Each structure stands twice: as C-alpha cells, then as structure tokens.
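The structure appears right after this line, and notes come after that.
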Amino acid sequence: MEVKAILKHTRTSPRKAALVADLIRGKNVNDAMNILQFTQKKPARLFQKLLKSALANAEENHKVLDVDDMYVKRAQVDQGVTWKRSLPRARGMATAIRKRTSHLTLVLDEKEA
C-alpha cells in the first residue's frame, strides 16, 4: 500500500535537493532516516520531516501495522516557482537574482514477503 507525503514551495534549489533524494531512494525507512540524520545538507532536514510525515500518514490513515517493513519507493524533486529579485549594481544597472524553490514528493511502500 503506497503512502505519500508532499512538500511544496520549499526554499531550496531542485539540484541540491535531488542530491539528497538520490541518497534515500530505494532504502528501508530506518536506513533512510539514519542517512538523513547524518547528511550535512539543508534538504536532508526537509526530507527527514517529510519521511516522518509519510510514516505518520501510514499509521494514521492507512492503519499500517509495521512501519519497519516500509521502504522509500519514490523520492522525487520537481522545480517550483522561481522568485525573481534584483540587486543594484554600478552605473544604475541591476543584476537579476533567481531564488529557486522545489516541490518534494516522497512515496513509501511495503516490502512484499
């Protein structure tokens, strides 16, 4: 039974978040939690919160009895909206600054016996 958790408009770039998603894709839930605990990147903390949310969804909404049998089926990072800002420069010019956002999706599933 698939369980999903989504976090939208996260203030982190999709490229940096994709590096963390690659670390946990296909791993057991406990292993993924340990990997995220010791990864020194901001998206790791976001994925850790998302993983806890997905586990809570599994226990509460789908009445999954044993969450230790679950694994990360899909960890997906999509590009969100880009905030456009400008930075004043010399001679009355301006430089564009793009602040990127991400949509994080985490899907858990039970391992089949």
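Just so you know, all these numbers are worked out from the coordinates, no wet-lab data involved. Remember, it's a predicted structure, so these values are computed and weren't measured experimentally. Please note: Cβ atoms are built from the backbone with ideal geometry, for glycine as well, and neighbour counts cover all protein chains shown.
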Does region 29-46 contain at least one residue that is out of contact with any helix residue (DSSP H, G or I) (no Cβ under 9 Å at 6 or more places or on another chain), surrounded by 12 or more Cβ atoms within 10 Å (Cβ to Cβ) and in contact (Cβ under 8 Å) with a residue 40 or more places away in the chain? no
Collect the residues in region 52-66 that are in contact (Cβ under 8 Å) with a residue 24 or more places away in the chain and more than 17 Å from residue 33 (Cα to Cα), keeping them in residue-number order. 61, 62, 64
Criterion (on the phi < 0 side of the Ramachandran plot, small (Gly, Ala, Ser) and more than 11 Å from the chain's Cα centre (by Cα)) met by exactly one of 56, 44, 21: 56
Looking at region 81-90, can you tell me whether even one residue there is touching a residue at least 24 places away in the same chain (Cβ under 8 Å) and β-branched (Val, Ile, Thr)? yes
